[in-house]
1. Extending each Cα 7 Å along its Cβ direction at residue 48 and residue 4, get the distance between those two points in nm, one decimal.
2. Considering only protein heavy atoms and a 1.4 Å probe, what is the carbon-and-sulfur percentage of the accessible area of the chain?
3. How many nm is it between the label spots at residue 157 and residue 172, if each spot is 7 Å from the Cα in line with the beta carbon?
4. With every protein chain left in place, what is the accessible area per residue of region 7-156 in square angstrom, probe 1.4 Å?
5. For Cα pairs less than 8 Å apart in space and 6+ apart in sequence, what is the mean separation divided by the residue count of the chain, i.e. the relative contact order in percent?
6. State the extension gain, in nm to one decimal, for the chain segment bounded by residue 149 and residue 27, taking 0.36 nm per residue of separation less the distance between their alpha-carbons.
7. Between beta-carbons, use under 14 Å as the cut-off and find the net charge around residue 169, counting Lys and Arg +1, Asp and Glu -1.
8. Around residue 80, with a cut-off of 14 angstrom between Cβ atoms, what is the net charge of the other residues, counting Lys and Arg +1 and Asp and Glu -1?
Amino acid sequence: MPHRIEIVEGDITRLAVDAIVNAANKTLQGGGGVDGAIHRAAGPELRAACAALGGCETGEAKITPGFRLPARYVIHTVGPVWGGGERGEDRLLARCYGNSLALGLNHGLATIAYPAISTGAYGYPPERAARIALRTVIAGLAGTEAIERVVFCCFGALSRESHEAALAAARRRT
């Protein structure tokens, strides 16, 4: 499975994949970081489509068209705010990755790109988040060949390095 995973450093809004994952807030109405960048790049149609979804709970995922993005779809998921690791954050973060992957499978998508969910304003430690992300996605890919490629699109060197280390560790285990 790790051979279907790619790690890049860059702007997720420029990726030509079936779906990009948005690290959204519960309102789905845009915000800072990757969420704001995705909303700006997709155009006002995305905000209208998100308004019709009625929000999203932490760990859940919902899908909209990509509108003006190169990606056909945006999968919105709400990551947990880091509170020290004692409030179920790891489980909730894993659910973000797992539910987003499942939604992609349900919509017949072959390529999905993820940002580093919850590691910006929500304060999740990047190394810990990367381990959870890679472990969850690799487990999800184990049951299917339908998803051909998963891209972890990292904003900055620390995120990229954290994901590369987590992928290397996963490769050693397989």
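1. 3.5 nm
2. Values: 4160 of 7800 Å².
Of the solvent-accessible surface of the chain, carbon and sulfur hold 53 percent.
3. 2.3 nm
4. Working: 6340 Å² over 150 residues.
Using a 1.4 Å probe on heavy atoms only, each residue of region 7-156 averages 42 Å².
5. Values: 352 pairs, mean separation 51.3, N = 174.
Relative contact order, the chain: 29 percent.
6. Working: separation 122, 0.36 × 122 = 43.92 nm, distance 2.90 nm.
Contour length minus Cα-Cα distance gives 41.0 nm.
7. Details: positive: 128, 131, 135, 171, 172, 173; negative: 127, 161, 164.
Around residue 169, the surrounding residues sum to +3.
8. Details: positive: 26, 87, 91, 95, 128; negative: 57, 60, 86, 89, 90.
For residues surrounding residue 80, the net value is 0.
The values are calculated or read from the model by the stated rules, or taken from the named source; none is laboratory data. Here the structure is a predicted model, which is why all the values come from computation and not from measurement. As a convention, Cβ positions derive from the backbone with ideal geometry for all residues, glycine included, and neighbour counts pool all protein chains shown. Just the protein is used for accessible areas: all its heavy atoms, side chains included, with ligands, DNA and RNA removed. Shrake-Rupley method; radii C 1.70, N 1.55, O 1.52, S 1.80 Å.
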